[in-house]
Amino acid sequence: MPLRSYLSEYGIDLCGVLPLCECTVKRPYLLERAGFTVDGQAQTYACIFAVPYLTPAADTPHRNLSAYAVSEDYHVFFAQLYDELLPRLQKDFPGHRFAAFVDHSPIDEIDAAVRVGLGVRGRHHLLLTERHSSYVFLGEIITDLPLTPTPTALPEQLRVCHHCGACLAACPMQVEGGECRSALTQKKGALNEQEATCLTAFPSLWGCDICQEVCPYTAHARARGTLYTDIPFFHQNTVAHLSLDVLDGMDDATFSRRAYAWRGRDVIRRNLLLKQTASQSTTGKEG
């Protein structure tokens, strides 16, 4: 696959190709903006790839951020990657179009990743890879460059995990019957008493990794020594424990490069203050 060698230069080895007509297109307008037509899917391909992000910095016992937020915002990584990669592809393959996406994608990224054999869909709705468990970000390049599709690795009935139930059993919101706790930490405005209690009951004040931490895929990847990423970007400027002092010490440029910046300072500050109040209350009771 022509694109595989380009991606490997950036430490990305998990990738595959799917004809766009076999992808689940969720946002056709994004294809049209990039110069691709939905009717022309038969001549268009999606190169889907998984970027591992976990680093040893996430293993600190005092971490209070989701593992993905320990490093700088992955959108910064993808912006840098695409700023370098797309001009190279356009130069090396003149006459062909390339468009790159992450998160806000025209296709169902997890479905496409499963179809090309990068992993299986977990019950926690994340992609599970053998090499890095679910600690990966998905990106894709849409192109009309003729590519050889990756053979579908698994029959449809095997494209999900083994349903051991560990993730659901450990999820605090499963008991409450509510939404993902990660969404709760990102919620704007004041939290009600039940929400505040749920937020302060666990170490993380932004995001939640409980379902990933208890997954057998994570234990297996750790045992094989493949859990962590080799990509330098994710090893730089890590912040595993966020405090009010650290937050206040970030200028706007530095703050803008963190994964929680998109919600603004008020939400993360609210969470920090709730944690602080809960800690002081517990200490007072113990005293």
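The values are calculated or read from the model by the stated rules, or taken from the named source; none is laboratory data. Remember, predicted model here, so these are calculated numbers, not experimental data. Reconstructed Cβ throughout: ideal geometry from the backbone, glycine too, with neighbour counts over all protein chains shown. Ligands, DNA and RNA are excluded from the accessible area calculation, which covers all protein heavy atoms including side chains. Shrake-Rupley method; radii C 1.70, N 1.55, O 1.52, S 1.80 Å.
Say we look at the stretch 221-236 and pick out the residues that are part of a loop (DSSP other than H, G, I, E, B) and touching a residue at least 40 places away in the same chain (Cβ under 8 Å); which of these is surrounded by the most Cβ atoms within 10 Å (Cβ to Cβ)?
It comes out as L227.
Being assigned to a strand (DSSP E or B) and touching a helix residue (DSSP H, G or I) at 6+ places or on another chain (Cβ under 7 Å) is the filter; apply it to the stretch 1-18 and report the residue that is nearest to F137 (Cα to Cα).
Per the stated criteria, the residue is C15.
Quickly run through the stretch 87-109 and pick out the residues that are surrounded by fewer than 20 Cβ atoms within 10 Å (Cβ to Cβ) and either free of Cβ contacts under 8 Å to residues at least 40 places away in the same chain or within 17 Å of the chain's Cα centre (by Cα) (or both).
Hits for the stretch 87-109 are P87, Q90, K91, D92, P94, G95, V102, D103, H104, D108.
Determine the pairs where a residue that is farther than 17 Å from D108 by Cβ and without any contact (Cβ under 8 Å) to a residue 40 or more places away in the chain, located within the stretch 1-20, has a partner that is open to solvent by 10 Å² or more (accessible area, probe 1.4 Å) and of a type in the set (D, E) with Cβ atoms under 9 Å apart, the partner being 6 or more residues away or on another chain.
Partner pairs satisfying both residue conditions: R4/D13.
How about the stretch 19-137: which helices (runs of 4 or more DSSP H) wholly inside it have at least 2 residues that are at negative phi and touching a Pro at 6+ places or on another chain (Cβ under 7 Å)?
On the way: elements: 28-33, 74-92, 109-115.
Because the criterion is at least 2 residues that are at negative phi and touching a Pro at 6+ places or on another chain (Cβ under 7 Å), the helices (runs of 4 or more DSSP H) in the stretch 19-137 that meet it are 28-33.
Matching residues to (1) small (G, A, S); (2) in a helix (DSSP H, G or I); (3) farther than 14 Å from S133 by Cβ; (4) modelled with pLDDT under 95:
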residue: A219; (1), (2), (3), (4): yes, yes, no, no
residue: R258; (1), (2), (3), (4): no, no, yes, no
residue: I268; (1), (2), (3), (4): no, yes, yes, no
residue: Q280; (1), (2), (3), (4): no, yes, yes, yes
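Please indicate, with yes or no, whether at least one residue in the stretch 193-203 is among the hydroxyl-bearing types (S, T, Y), open to solvent by 30 Å² or more (accessible area, probe 1.4 Å) and in contact (Cβ under 8 Å) with a residue 60 or more places away in the chain.
yes
Have a look at A79, A69 and point out the one that is more than 18 Å from R222 (Cβ to Cβ) and either among the basic types (K, R) or open to solvent by 10 Å² or more (accessible area, probe 1.4 Å) (or both).
A79
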